[in-house]
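See structure below.
The values are calculated or read from the model by the stated rules, or taken from the named source; none is laboratory data. These figures come from a predicted structure and were not determined experimentally. When we count neighbours, we look across all protein chains shown, and the Cβ atoms used for this are built from the backbone with ideal geometry, even at glycine. Note: accessible area is taken over every heavy atom of the protein model, side chains too, but ligands, DNA and RNA are not part of it. Shrake-Rupley method; radii C 1.70, N 1.55, O 1.52, S 1.80 Å.
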Amino acid sequence: MDRLTRYAETLDTAAREAEATPQITPKDPAFTVAEAYEVQKLSVDRRLARGERRIGVKMGLTSRAKMQQVGVDEAAWGRLTDAMLVEEGSALSRAKYVHPRVEPEIAFLMKAPLSGRVTGAAALAAVEAIAPAMEIIDSRFENFKFALEDVVADNTSSSGLVIGSWNDPRSDFSNLGVILEIDGQVVQVGSTAAILGHPLRSLVAAARLVAEAGEQIEAGAIVMAGGITAAPNLAIGQTVRATVQDLGSVMFQVEA
Ligand code: OOG
Ligand code: MG
């Protein structure tokens, strides 16, 4: 088995068993970002082979708050599957995760494919709807510590997504207030402008990055634009709610 296949298998197993694994880069300093994306693809292919279905793309590290929290300052993307969907208003099981965190985000629903170098206007024309959303991230690496290459190989920590109700995208969503509440207490505040200055820029970046991997964003796909604030830890018993001005709110609970 070559080393990239081995890394993919290790990360996939770590995710399935909710058991942390050591970082790759300290032991393999030659590991490149391009190889890391290959590992990501190989590990998601294992999910698809088990019957999961691709539903879209996530962008990560598209806000300063997120870059600072994890010490990686370059945007990255990951692959979303149907098994990661958490129904809005439902309870997720803490036991399925290593050390989960939550991020308020917004999601795009695509009505037309998008790929390559596109303008913001072209990207917007391909959007069917936008929704308030949360991502549950769960690094498979010990202590939630990683370099860019590690986190890319680990499908950018993607673990779950919760999507609120879909809104017409033809309103100005460039600078909407966002709050994240846990048990009714506001724990993070931000603005959609935290996402690269305008969330549409994240979609433009996603189109370019997936094209580099020979993919396109498909019609019907969901694109997660990236965390707006730093991501707090999740704990059993919490009720978590994100509210995006004009778009509505989205919630879930954490049970054992
Ligand atoms: C990396 C993934 C970051 C986002 O929205 O910025 C991410 C991590 O923080 O584990 O999903
Ligand atoms: Mg995220």
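In percent, rounded to a whole number, the relative contact order of segment 49-144 is 25, using alpha-carbon pairs under 8 Å and six or more apart.
Across the accessible surface of the chain, with the other protein chains kept in place and a 1.4 Å probe, carbon and sulfur atoms take up 48 percent.
Annotation: extensible slack from T32 through K145 equals 38.9 nm (criterion: 0.36 nm per residue apart, minus Cα-Cα distance).
In the full protein context, segment 180-256 carries 40 Å² of accessible surface per residue, based on a 1.4 Å probe and ignoring ligands, DNA and RNA. Ignoring solvent entirely, what values of log10 I(q)/I(0) come out of the Debye formula for segment 3-255 at 0.10, 0.17 Å⁻¹ when each Cα is a single scatterer? Debye curve over Cα of segment 3-255, log10 I(q)/I(0) at q = 0.10, 0.17 Å⁻¹: -0.43, -1.34.
Relative contact order, percent, of segment 1-75 when contacts are C-alpha pairs under 8 Å separated by at least 6 residues?
28 percent
Efficiency by 1/(1 + (r/R0)^6): what FRET value for Q68 and S249, r their Cβ-Cβ distance, R0 = 25 Å, to the nearest 0.05? Efficiency for this residue pair is about 0.45. GNM remark for the chain: springs join alpha carbons under 10 Å apart, and the peak mean-square fluctuation among A76, A219, A194 falls on A219.
Quick check: pseudo-label points 7 Å beyond the Cα along Cα→Cβ at R16 and D183, how many nm apart are they? Taking the simple label geometry, R16 and D183 are separated by 3.6 nm.
Its relative contact order, with pairs defined as Cα atoms under 8 Å and 6+ residues apart, puts segment 3-255 at 28 percent. In this simple spin-label model, placing a label point 7 Å from the Cα along the Cα-to-Cβ direction at both T119 and E52 gives a separation of 3.7 nm.
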